[in-house]
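Working notes, structure below.
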Amino acid sequence: MSKLEKMPGHTRLYRRNAVYYHRAAIPTDIADSYPKTAETFSLRTKDYGEALQRVRVAAVEVDQRFAAHRAEVKRKAEWQARTHASELSPRQLKDIEAVYYAHMLDEDEETRLEGFDDFTEDGDGERIWHNERPDTPRKTFEEAQDDNLLFDAAARYAFARGKTDGFWDDEAEEVLSWSNVDVKLQPGSASWPKVVRTLQSATIKAAKSKSLRDEGEVVETPHISTQRLETVDCH
């Protein structure tokens, strides 16, 4: 693949072959925690004038991502310094389940808005794509369905047997750190298995809702405030 070529007119404007790109280095203060080494993506145009307009808009959006990530890093650092809660109430657990369920449906909605890869295979087994592929290939509809079924099966297996593993333990810790949950639970608390079970329950419910969406049914994503839930507090 040819290298990106720096273009005049904007510090983040580049070109590869005939297509223009946005590229921004990650600010040094968040480089260690940001999930990418650079924000590079196609502007989906070969026209210079249109590329200039699009790169300006893209630069603002990327800067907003950087700012949001910076704020999240700061919030997590503050969260780490907080005292631990000893137990969670049943209401807190229900609120956490609602947050996680809404999160999973929101992710699913974003995937559908982006669209799935669509292809057929010719006689030689080569894929013929029916849509313009992005820089990062997406799943096909069928692949997304399979992933949903597998995740659902794994959650049901663990939920039925009262089991956890590294994934669920890490997920529980991550969800408790979210800004609209924001609870730091004591290590060894009897509430940790309850949080895991709550997330498994939400996963099973979300998998069913996603399957209904796959059938063309309308399943709304619940609105969950981005503010810390009032019912989720430390005891």
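Reported count of residues in the stretch 106-118, each being surrounded by 13 or more Cβ atoms within 10 Å (Cβ to Cβ) and assigned to a loop (DSSP other than H, G, I, E, B), is 2.
Cβ-Cβ contacts under 6 Å between residues 6 or more apart (or on different chains), taken from a first residue in the stretch 191-203 that is assigned by TED's automatic domain parsing to the domain that holds residue 99 to a second residue that is buried (at least 24 other Cβ atoms within 10 Å of the Cβ) and polar (S, T, N, Q), are absent.
Within the stretch 183-203, the set of residues being surrounded by fewer than 20 Cβ atoms within 10 Å (Cβ to Cβ) and either of a type in the set (Gly, Ala, Ser) or modelled with pLDDT of 95 or more (or both) comprises 188, 189, 190, 192, 193, 194, 197, 201. Taken as a whole, the stretch 12-20 holds no residue that is outside any helix (DSSP H, G or I), under 24 Å from residue 186 (Cβ atoms) and either among the polar types (S, T, N, Q) or in contact with a Gly (Cβ under 9 Å, 6 or more places away or on another chain) (or both).
This table checks each residue for (1) surrounded by fewer than 17 Cβ atoms within 10 Å (Cβ to Cβ); (2) closer than 19 Å to residue 198 by Cβ; (3) of a type in the set (Asp, Glu); (4) free of Cβ contacts under 8 Å to residues at least 12 places away in the same chain.
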{"position": "146", "(1), (2), (3), (4)": "yes, no, yes, yes"}
{"position": "163", "(1), (2), (3), (4)": "yes, yes, no, yes"}
{"position": "170", "(1), (2), (3), (4)": "yes, yes, yes, yes"}
{"position": "175", "(1), (2), (3), (4)": "no, yes, no, no"}
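Looking across the stretch 180-201, the residues that are farther than 17 Å from residue 104 by Cβ, polar (S, T, N, Q) and in a loop (DSSP other than H, G, I, E, B) come down to 186, 189. Checked against (1) at pLDDT below 95; (2) within 25 Å of residue 149 (Cα to Cα), residue 217 passes all but condition (1).
Being of a type outside the set (D, E, K, R) and surrounded by fewer than 14 Cβ atoms within 10 Å (Cβ to Cβ), is that true of even one residue in the stretch 92-105? Looking through the stretch 92-105, none of the residues is of a type outside the set (D, E, K, R) and surrounded by fewer than 14 Cβ atoms within 10 Å (Cβ to Cβ). Residues in the stretch 36-61 that are in contact with a helix residue (DSSP H, G or I) (Cβ under 8 Å, 6 or more places away or on another chain) and aliphatic (A, V, I, L, M): 43 alone. Within the set 44, 70, 23, the sole residue that is part of a helix (DSSP H, G or I), surrounded by 11 or more Cβ atoms within 10 Å (Cβ to Cβ) and not assigned by TED's automatic domain parsing to the domain that holds residue 176 turns out to be 70. When residue 63 is tested against the conditions (1) among the acidic types (Asp, Glu); (2) within 30 Å of residue 218 (Cβ to Cβ); (3) modelled with pLDDT of 95 or more, the lone failure is (2). Screening the candidates 142, 132, 174, 114 for the property of being under 27 Å from residue 40 (Cβ atoms), of a type outside the set (Lys, Arg) and at pLDDT 85 or above yields one hit, 174.
The values are calculated or read from the model by the stated rules, or taken from the named source; none is laboratory data. As the structure is a prediction and not an experimental result, all values here were calculated from the model. Cβ coordinates were reconstructed from backbone atoms using ideal geometry, including for glycine residues, and neighbour counts include every protein chain displayed.
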